[in-house]
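Asks: Attaching a single structure in C-alpha coordinates format; questions to follow.
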Amino acid sequence: MSDDRRQVATVADLPVPLAKLLWRQHTVYRERDGTVVIRGVDAGRWISLASHGRGRVRVRAGRILDGGTTAPARAETTVPLDGDIARLAACCRGLLAETAGARAAGTPQPSPPTAARPPKGPRKAGRRRGATVLVCAAAVVVGLIAASMFG
(Lines give C-alpha, C1' and ligand atoms only; values in the text may rest on other atoms or scores of the structure.)
Protein backbone atom coordinates (compact mmCIF):
# COMPACT_ATOMS: atom_id res chain seq x y z
CA MET A 1 0.00 0.00 0.00
CA SER A 2 1.13 3.55 -0.61
CA ASP A 3 1.62 5.97 2.29
CA ASP A 4 -1.68 7.80 1.74
CA ARG A 5 -3.74 4.58 1.53
CA ARG A 6 -2.57 2.88 4.73
CA GLN A 7 -4.99 2.03 7.53
CA VAL A 8 -5.04 4.04 10.75
CA ALA A 9 -5.44 2.42 14.14
CA THR A 10 -5.39 5.32 16.61
CA VAL A 11 -5.51 9.11 16.70
CA ALA A 12 -1.78 9.05 17.49
CA ASP A 13 -1.13 7.50 14.04
CA LEU A 14 -2.98 10.25 12.18
CA PRO A 15 -1.27 13.64 12.42
CA VAL A 16 1.86 13.47 10.29
CA PRO A 17 0.52 11.44 7.34
CA LEU A 18 -2.72 13.45 7.34
CA ALA A 19 -0.85 16.75 7.52
CA LYS A 20 1.24 15.76 4.50
CA LEU A 21 -1.93 15.06 2.53
CA LEU A 22 -3.61 18.33 3.50
CA TRP A 23 -0.85 20.95 3.30
CA ARG A 24 2.69 21.36 2.04
CA GLN A 25 3.61 23.60 4.96
CA HIS A 26 2.12 22.55 8.27
CA THR A 27 2.70 22.43 12.01
CA VAL A 28 1.51 19.53 14.16
CA TYR A 29 1.17 19.75 17.93
CA ARG A 30 -0.65 17.99 20.75
CA GLU A 31 -2.71 19.90 23.30
CA ARG A 32 -2.85 18.97 26.99
CA ASP A 33 -6.16 17.15 26.62
CA GLY A 34 -4.68 14.86 23.94
CA THR A 35 -6.24 16.65 20.97
CA VAL A 36 -3.93 16.84 17.97
CA VAL A 37 -3.93 20.08 15.98
CA ILE A 38 -2.62 20.44 12.43
CA ARG A 39 -2.11 24.04 11.31
CA GLY A 40 -1.79 24.93 7.65
CA VAL A 41 -0.47 28.44 8.22
CA ASP A 42 -0.07 29.24 4.52
CA ALA A 43 -3.71 28.21 3.96
CA GLY A 44 -4.94 30.06 7.06
CA ARG A 45 -6.78 26.97 8.36
CA TRP A 46 -6.48 24.37 11.13
CA ILE A 47 -7.80 20.88 11.80
CA SER A 48 -8.06 19.21 15.20
CA LEU A 49 -8.41 15.48 15.86
CA ALA A 50 -9.63 13.98 19.13
CA SER A 51 -10.71 10.49 20.15
CA HIS A 52 -14.48 10.30 20.27
CA GLY A 53 -15.54 6.96 21.62
CA ARG A 54 -14.25 3.62 20.49
CA GLY A 55 -12.98 3.61 16.91
CA ARG A 56 -14.10 7.17 16.08
CA VAL A 57 -12.35 10.52 15.81
CA ARG A 58 -13.86 13.98 16.19
CA VAL A 59 -12.60 16.28 13.45
CA ARG A 60 -12.97 20.05 13.78
CA ALA A 61 -11.89 22.77 11.34
CA GLY A 62 -11.40 26.49 11.67
CA ARG A 63 -9.50 29.55 10.51
CA ILE A 64 -6.21 31.04 11.63
CA LEU A 65 -6.63 34.73 12.37
CA ASP A 66 -4.16 37.54 11.73
CA GLY A 67 -1.41 37.26 14.28
CA GLY A 68 -1.55 33.46 14.33
CA THR A 69 -4.34 32.88 16.83
CA THR A 70 -7.01 30.32 16.01
CA ALA A 71 -10.65 31.20 15.59
CA PRO A 72 -13.28 28.87 17.05
CA ALA A 73 -14.18 25.84 14.96
CA ARG A 74 -16.58 26.55 12.11
CA ALA A 75 -17.25 22.95 11.14
CA GLU A 76 -16.99 19.57 12.81
CA THR A 77 -17.89 15.94 12.31
CA THR A 78 -17.18 12.49 13.69
CA VAL A 79 -15.42 9.95 11.46
CA PRO A 80 -14.78 6.22 11.94
CA LEU A 81 -11.14 5.24 12.37
CA ASP A 82 -11.58 2.04 10.38
CA GLY A 83 -11.11 3.91 7.09
CA ASP A 84 -7.87 4.86 5.43
CA ILE A 85 -6.09 8.19 5.74
CA ALA A 86 -7.06 9.26 2.21
CA ARG A 87 -10.74 8.99 3.14
CA LEU A 88 -10.13 10.93 6.34
CA ALA A 89 -8.23 13.59 4.37
CA ALA A 90 -11.20 13.91 2.01
CA CYS A 91 -13.46 14.49 4.99
CA CYS A 92 -11.04 17.12 6.34
CA ARG A 93 -10.95 18.86 2.96
CA GLY A 94 -14.74 19.04 3.02
CA LEU A 95 -14.69 20.67 6.46
CA LEU A 96 -11.96 23.06 5.34
CA ALA A 97 -14.06 23.99 2.31
CA GLU A 98 -16.98 24.76 4.65
CA THR A 99 -14.79 27.11 6.69
CA ALA A 100 -13.57 28.81 3.51
CA GLY A 101 -17.13 29.04 2.17
CA ALA A 102 -18.41 30.66 5.34
CA ARG A 103 -15.64 33.24 5.17
CA ALA A 104 -16.08 33.92 1.45
CA ALA A 105 -19.83 34.25 1.71
CA GLY A 106 -19.36 36.78 4.49
CA THR A 107 -22.22 35.34 6.46
CA PRO A 108 -22.48 37.38 9.62
CA GLN A 109 -22.40 35.40 12.84
CA PRO A 110 -25.47 35.94 15.00
CA SER A 111 -24.65 38.11 17.97
CA PRO A 112 -25.66 36.90 21.41
CA PRO A 113 -28.56 38.70 23.04
CA THR A 114 -27.39 41.59 25.18
CA ALA A 115 -28.93 43.29 28.16
CA ALA A 116 -29.85 46.95 27.87
CA ARG A 117 -26.65 48.90 28.52
CA PRO A 118 -25.79 52.53 28.05
CA PRO A 119 -24.04 53.13 24.74
CA LYS A 120 -20.27 53.11 24.78
CA GLY A 121 -18.12 55.64 23.02
CA PRO A 122 -18.06 59.45 23.00
CA ARG A 123 -20.39 59.82 25.98
CA LYS A 124 -18.06 57.87 28.26
CA ALA A 125 -15.01 59.70 26.96
CA GLY A 126 -16.80 63.02 27.51
CA ARG A 127 -17.39 62.17 31.17
CA ARG A 128 -13.69 61.50 31.63
CA ARG A 129 -12.73 64.78 30.02
CA GLY A 130 -15.23 66.65 32.18
CA ALA A 131 -13.81 65.12 35.35
CA THR A 132 -10.27 65.99 34.23
CA VAL A 133 -11.25 69.61 33.57
CA LEU A 134 -12.86 69.87 37.02
CA VAL A 135 -9.76 68.46 38.74
CA CYS A 136 -7.50 70.87 36.84
CA ALA A 137 -9.75 73.85 37.66
CA ALA A 138 -9.75 72.90 41.34
CA ALA A 139 -5.94 72.67 41.30
CA VAL A 140 -5.69 76.14 39.74
CA VAL A 141 -8.04 77.62 42.37
CA VAL A 142 -6.07 76.00 45.20
CA GLY A 143 -2.83 77.28 43.65
CA LEU A 144 -4.18 80.84 43.38
CA ILE A 145 -5.38 80.81 46.99
CA ALA A 146 -2.02 79.49 48.19
CA ALA A 147 -0.15 82.11 46.12
CA SER A 148 -2.26 84.97 47.52
CA MET A 149 -1.78 83.79 51.13
CA PHE A 150 1.98 83.18 50.96
CA GLY A 151 2.95 85.57 48.20
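The values are calculated or read from the model by the stated rules, or taken from the named source; none is laboratory data. The structure presented is a predicted model; accordingly, all values stated were derived computationally and were not measured. All Cβ positions, even for glycine, are placed from backbone atoms using ideal geometry, and neighbour counts span all protein chains on display. Protein only, heavy atoms only, side chains kept; ligands, DNA and RNA dropped before computing areas. Shrake-Rupley method; radii C 1.70, N 1.55, O 1.52, S 1.80 Å.
Asks: Keeping the other protein chains in place, figure out the carbon and sulfur percent of the accessible area of the range 20-59, with a 1.4 Å probe.
Replies: Result for the range 20-59: 43 percent of the exposed heavy-atom area is carbon or sulfur.
Asks: Once fully extended, how much extra length lies between Asp66 and Leu144, figured as 0.36 nm per residue of separation less the alpha-carbon to alpha-carbon distance?
Replies: So the chain would gain 22.7 nm between Asp66 and Leu144.
Asks: If each of Cys136 and Thr35 carries a label point 7 Å out from its Cα toward its Cβ, how far apart are those two points in nm?
Replies: Simple spin-label model gives 5.0 nm for this pair.
Asks: Could I ask something else about it? Would you mind checking which residues have amide H under 5 Å from Arg56's amide H? H placed 1.01 Å from N; only 5 or more apart, or other chain.
Replies: Long-range HN contacts for Arg56: Leu81.
Asks: Starting from the residue with the highest accessible area, list Cys136, Cys92 in decreasing order, probe 1.4 Å.
Replies: Cys136, Cys92
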